[in-house]
Amino acid sequence: MAYQRLILFLVFFLFLTNPVKSQLDEELHFNGFNGVASNMSLNGVAEIEPNGMLKLTNDTLRVLGHAFYSSPIKFKNSTDGKAYSFSTAFAFTIVPEYPKLGGHGLAFIISPSKELPGSLPSQYLGILNATVVGNFSNHIFAVEFDTVQDFEFGDINDNHVGIDINSLASNKSTPAGYFNSQNSTKQSLNLKSGHVIQAWVDYDSVKNQVTVKLSPNSIKPTSPILTFDVDLSPIFQDFMYVGFSASTGLLASSHYVSGWSFK
């Protein structure tokens, strides 16, 4: 069943091509990651598997993995300093070493650095460390898919989605789930089920609003599971890197990304 769902998601990404640049913005499309090593910057334990899956971490304890598009992307209007709108979609899978016990999670991240120097595994998700967490100078935006409840950062549970700005204490979070497109009822979603999950993260620079949508299939829900009103202009620098980060701790999960688009 999990294999069949993976094939479904890969078919969903078949319209995607290799990364291309447009005049005013950046469009990235990865239908799997075979043959794109020159376009991706990997560190930690992150690797591209022979089947084209991006594997951010394995079941080793206390490790981290980063995968960023290798070139910086322009995120702000040079005239008024306003952040551009953006949209990203990706398919990910979290496979815990022990069923029902995640460790620790992954995040889509926009950062001024593709190396994230000094970042730590475990509850820091490979993004920050105890010295710099919460600092405005981090210029970090992330959407975390967290499978461990860390009381240090006020996590609501061990299966949540959060929007993080310069910290791992989420500005806003919600239990993982999605809205059924047929009747708009909220359905729970187990991040560490081992099944493929589709995520969409959109920023509207006119509304100053971030929305996150999840689904167990390739159909984008009408309603977001998480909405946060924020102007990202002060957070972003002119050029930033986009990608993913994941980590393990005392417990471990393998974190995969099977397809990704960004505009």
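Brief remarks follow.
- Reachable lysines from residue 100, criterion Cα separation under 19 angstrom, eight or more residues apart if same chain: 192
- When the charge dipole of segment 155-263 is built from unit charges on Cβ atoms (+1 for Lys and Arg, -1 for Asp and Glu) and taken about the Cα centre, the candidate among 195, 228, 167 whose Cα reaches farthest toward its positive end is 195.
- Average projection area in nm² (convex hull over Cα atoms of the chain, one quarter of hull surface): 13.1
- Rounded Å value of the spacing that divides the Cα centres of segment 52-94 and segment 167-228: 17
- In this simple spin-label model, placing a label point 7 Å from the Cα along the Cα-to-Cβ direction at both residue 250 and residue 231 gives a separation of 4.3 nm.
- Selection from 145, 127, 256, by position along the positive dipole direction of segment 107-263 (Cβ): 256
- Amide H contacts of residue 45 (H built 1.01 Å from N, in plane; Pro and chain starts excluded): 64, 65, 66 sit under 5 Å, all sequence-distant by 5 or more or on other chains.
- FRET efficiency for residue 172 and residue 38, using Cβ-Cβ distance with R0 set to 45 Å, rounded to 0.05: 0.80
- Förster-model FRET efficiency, 22 Å R0, residue 60 and residue 129, C-beta, rounded to 0.05: 0.70
- Over 23 Å between alpha carbons, listed pairs 114/263; 213/263; 114/172: 114/172
- Gain in span if fully extended, residue 85 to residue 149, counting 0.36 nm per residue against the direct Cα distance: 19.9 nm
- Its DSSP H runs of at least 4 residues, each contributing -39,500 (n - 2.57), put the calculated 222 nm mean residue ellipticity of the chain at -1500 deg cm²/dmol, to the nearest 500.
- With an a/c value of 1.5 or above and a/b larger than b/c for the gyration tensor axes a ≥ b ≥ c computed over the alpha-carbon atoms, segment 106-205 is described as prolate.
- Amide N of segment 193-228 lying under 19 Å from the label point, which is placed 7 angstrom from the Cα of residue 184 along Cα→Cβ: 211-215, 220-228
- Kirkwood Rh (inverse of mean 1/r, distinct Cα pairs), segment 26-109, angstrom: 15.0
- Derived scalar couplings between HN and Hα for segment 75-85 equal 10, 9, 6, 5, 6, 10, x, 7, 5, 6, 5 Hz in order, rounded to whole Hz, by the Karplus curve 6.51 cos²θ - 1.76 cosθ + 1.60 (θ = phi - 60°), x for Gly and Pro.
- Taking amide H positions as modeled 1.01 Å from N, with prolines and chain starts lacking one, the residues under 5 Å from residue 75 and 5 or more places away or on another chain are 239, 240.
Only the coordinates and a few stated rules stand behind these numbers; no lab work does. Predicted model only: the values in this text are computed from it and were never measured. Positions of Cβ are generated from backbone atoms using ideal geometry, with glycine treated the same way; all protein chains shown enter the neighbour counts.
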